[in-house]
1. Can you work out the Karplus-derived ³J(HN,Hα) for every residue in the range 53-67? Use 6.51 cos²θ - 1.76 cosθ + 1.60 with θ = phi - 60°, whole Hz, and x for glycine or proline.
2. Find the accessible area per residue for the range 165-212; the probe is 1.4 Å, ligands and nucleic acids are left out, and the unit is Å².
3. In whole Hz, with x marking every Gly and Pro, tabulate ³J(HN,Hα) for the range 325-332 from phi via Karplus 6.51 cos²θ - 1.76 cosθ + 1.60, θ = phi - 60°.
4. Determine ³J(HN,Hα), in whole Hz, for all residues of the range 35-46 in sequence, where each value follows from phi through the Karplus function 6.51 cos²θ - 1.76 cosθ + 1.60 and θ = phi - 60°; x replaces Gly and Pro.
5. Quick one: which residues, 5+ away or cross-chain, put their amide H under 5 Å from the amide H of Ala99? H built at 1.01 Å from N.
6. Give me the number: length gained by fully extending Asp27 to Ala314, i.e. 0.36 nm times residue separation minus the C-alpha to C-alpha distance, one decimal in nm.
7. In nm, to one decimal, how far is the modelled label at Gln243 from the one at Met95, with both set 7 Å along Cα→Cβ?
8. How do the peptides 297-307, 271-281 rank, highest first, by the average count of neighbouring beta carbon atoms within 10 Å per residue?
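The values are calculated or read from the model by the stated rules, or taken from the named source; none is laboratory data. Because the structure is predicted, anything quoted here is derived from the model rather than measured. All Cβ positions, glycine included, derive from the backbone under ideal geometry; neighbour counts span all protein chains shown. Please note that ligands, DNA and RNA were not included when accessible areas were found on the heavy atoms of the full protein model with its side chains. Shrake-Rupley method; radii C 1.70, N 1.55, O 1.52, S 1.80 Å.
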Amino acid sequence: MAERFTLVLSGGSALGAYQAGAWQVLDEAGLHPDRIVAASIGAVNAAIALGNPAERQVAALAAFWRRAAQYQPAWQAVASLWGDGRARALQSPLMGSPAVFRPRLPGALSLLPGMPGDSGLFDLGPLRRSLRDLIDFDRLNAGPTRLTIGATDIETGEAVRFDTARMAIGPDHILASCGFLPFFPPVEVDGRLLGDGALSANLPLEAALEDEQEDSDRFILAIDLIRRQAGPPRTVGQAVDRQLELLLSDQTRRTLREARQVHAVRRPRAATTVLVQIHDDVAPDSELRPFDYSAQVLEARWAAGRRNLAELLAMEGRERAAGGGLRIRMRTGTGALEEA
C-alpha cells in the first residue's frame, strides 16, 4: 500500500517565516509532499513554493520574506536599547510590510464618529503584487502536489476550501484566505464574501484527514505557528497575542480530539501518523507577534523553523502508526515529542 505525505501549514501572518525555514529542511531532506493543506500565511508560503520549479522553491520563499521585511529605523534602534519589543511591534502596523500590507486610511478613519464605514485596517495590495511576481499559477495548478486552501464565509461562518484537484487557484483565493478581520478586509470570490481560513480552522488538519483515498497510509506533518501555552501577558500588545493564541489553539485541540473518531470511521484499515511542530520559542519582550515584520525577527523565525524541523526529523524520523490506526505526536520548539 503506497504511503502519502501531506503537509499542513497554519496561519500566523509574520510568524510564517518559521514555515519557510521548515520548508528548507524538507527540501534538503528530499521530502516532497503529495498534498498541502494550508490557511492564511501558510497558503501564501505553499503557493509560492508550488508556483516555482523544485530547485527554485526555497529561493522564491527567501525572496518573499526578504521583501516582507521592515528594516529598523533610527527611532526604533534607540528604543530597542532598553530591550522593549513595543517599539519594534509598532513599526509594521504604522508602516506596513513592503510585500504584504500597508495601512488603510479609510479603515482607520472609520473608527471615528461620522466617518464612512470600512471593514479593514490594512490593505493587502502589496501581497497581491507579491503573489503575481513570485508565482507561476499555471505551474501551481498543474503541478504534482495538490494544494487545498482554507477560507471562511464571512456572512454564514461556513468553512470554504479551494482545491487544485477541483479548480484553478488564483490570487483572489489566496488573498481571501488571508482576510483576518478586522485587520484585513474580506475578498469577494464567486459572489461570496470570504475571510481568513483561520476564522474557521487556523491549522486545517480536518481537511487533511478527509481524503478520497481512504485506504492509503499517510504521514501528515503540521507546522503550527500558534502556541498553546505561554506565561501571563504584561502589556496590551502581549494580551492581544495571547487572545489570538487561546482562540486559535483551541480550534486545533478540538480537531485533534475528534481526529481519532473520524479516522476510525473513515479510514479503519489505514495507518496515519500526524506530527505537529509548534512554533513557541518567543522572546520575552515580544509584542503583536503576527504583525512584527522587522528583518531581524523574520530571520530569527526562519532559523528557528530550520532548527526545530531538523530536530523533529532527527528525533522522530518517519516512524509510522503500525497496523492501521492514528498516531498523533506534538513537539514544541523547546520540548520533546508528546502523544496528543
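1. For the range 53-67, the Karplus curve yields x, 3, 6, 10, 5, 5, 5, 5, 4, 4, 4, 5, 6, 5, 4 Hz.
2. Details: 1770 Å² over 48 residues.
Value returned for the range 165-212: 37 Å² of accessible area per residue.
3. Per residue, the Karplus-derived 3J(HN,Hα) values read x, 10, 10, 10, 10, 10, 9, 8 Hz.
4. Per-residue couplings from phi come out as 8, 10, 10, 8, 9, 6, 5, x, 5, 5, 4, 5 Hz.
5. Amide H to amide H, under 5 Å and 5 or more residues apart or across chains, Ala99 pairs with Ala68.
6. On the way: separation 287, 0.36 × 287 = 103.32 nm, distance 1.50 nm.
The span from Asp27 to Ala314 would gain 101.8 nm if fully extended.
7. If labels sit at Gln243 and Met95, their model points lie 2.6 nm apart.
8. On the way: 297-307: 19.6, 271-281: 22.8.
Most protected by this proxy first, the peptides run 271-281, 297-307.
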